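Here the structure comes first, spelled out in structure tokens, and everything after it is commentary.
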Amino acid sequence: MAVAQPIFDDVQAFLNAAAAEAEDLQRMVQTNADARHEELATLRRELEAQRQERIDGMTKLRSDFETLVHRKIDTLFDEVDAFKHMQDDELNNSMREVETVAEDLDSFRESLLDIQVSWKHLCARSLGLE
């Protein structure tokens, strides 16, 4: 009675092959899942790096813009100060010119008075009134 029954050998071989195929499929699924997880992690890292690049770019752009605005404002203030000094200089020059003209007019008036006095003396001498 120790004779093996070959009837179940085919079924056993089929079950063993199916179990081996199931294990292979399970390993393949796990390998694929691991690869997808790694790919997903890589994509997340790349996405984070790109996001950080955008943030850094915006920060640099903001900083550059603020620097430009401050530089332009400083230039504008310098130009306003230069214009103010120029206006002050022109005002001072105008005041000096007015003072010079006033002095010339005073000198001219005094000369006219001297001419008038001299004319009176000349007329008086000519008429013998003196």
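Structure notes:
- Checked against (1) over 51 Å from the mean Cα position of the chain (by Cα); (2) among the aliphatic types (A, V, I, L, M); (3) open to solvent by 90 Å² or more (accessible area, probe 1.4 Å), L91 passes all but condition (1).
- In this structure, E79 does satisfy being part of a helix (DSSP H, G or I) and at pLDDT below 95.
- Residue check, E130 part of a helix (DSSP H, G or I) and either modelled with pLDDT of 95 or more or surrounded by 10 or more Cβ atoms within 10 Å (Cβ to Cβ) (or both): no
- From the options L112, L76, residue that is of a type outside the set (D, E, K, R), at negative phi and open to solvent by 90 Å² or more (accessible area, probe 1.4 Å): L76
The values are calculated or read from the model by the stated rules, or taken from the named source; none is laboratory data. Treat the numbers as computed from the prediction; the structure is a model and nothing was measured. Here Cβ is always computed from backbone atoms with ideal geometry, including for glycine, and neighbour counts include all displayed protein chains. These accessible areas exclude ligands, DNA and RNA; they are computed on the full protein's heavy atoms, side chains included. Shrake-Rupley method; radii C 1.70, N 1.55, O 1.52, S 1.80 Å.
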